[in-house]
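Enquirer: This is the structure I want to talk about, given as structure tokens.
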Amino acid sequence: MLTLCRLLTYYLPATAHCKNLFAIVQGGLDLSPGGLREQCVAAMVARDLPGYAFGGLAGGEDKDTFWRVVAHGTARLPRGKVRLMRRTAPRRAPRHSY
């Protein structure tokens, strides 16, 4: 949160014409009331940014858990704002190690 506050204080005023500052909502699989994901969503939405990225998922979760977390998070994001999913596919092992 401190990094976001610094960005909003120093970066955003100098680049007010830009529409590319997205908050990345984190929180892992914690869907408990007042849990990490709810705290993060509330803090990010309070800053009224142009868009929000949905993070905190590694892609290795089972599908039911994955979609439950996505539904929980997106229901709390404001409508009419850009939403971006980050890293939603399972990671692959690198082909080569050098």
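The values are calculated or read from the model by the stated rules, or taken from the named source; none is laboratory data. Keep in mind that what you see is a predicted model, and the values were worked out from it rather than measured. Every residue, glycine as well, gets a Cβ built from its backbone with ideal geometry; the counts of neighbours run over all protein chains shown.
Enquirer: Could you name every one of the helices (runs of 4 or more DSSP H) located completely within the chain that has at least 2 residues being modelled with pLDDT of 80 or more?
Expert: Working: elements: 2-6, 36-45, 63-74.
Helices (runs of 4 or more DSSP H) meeting the threshold: 36-45, 63-74.
Enquirer: Among the residues of region 54-76, which ones are in contact (Cβ under 8 Å) with a residue 24 or more places away in the chain and among the polar types (S, T, N, Q)?
Expert: Taking region 54-76 first, the residues in contact (Cβ under 8 Å) with a residue 24 or more places away in the chain are 54-61, 65, 68-69, 72-73, 76.
Hit for region 54-76 is 65, nothing else.
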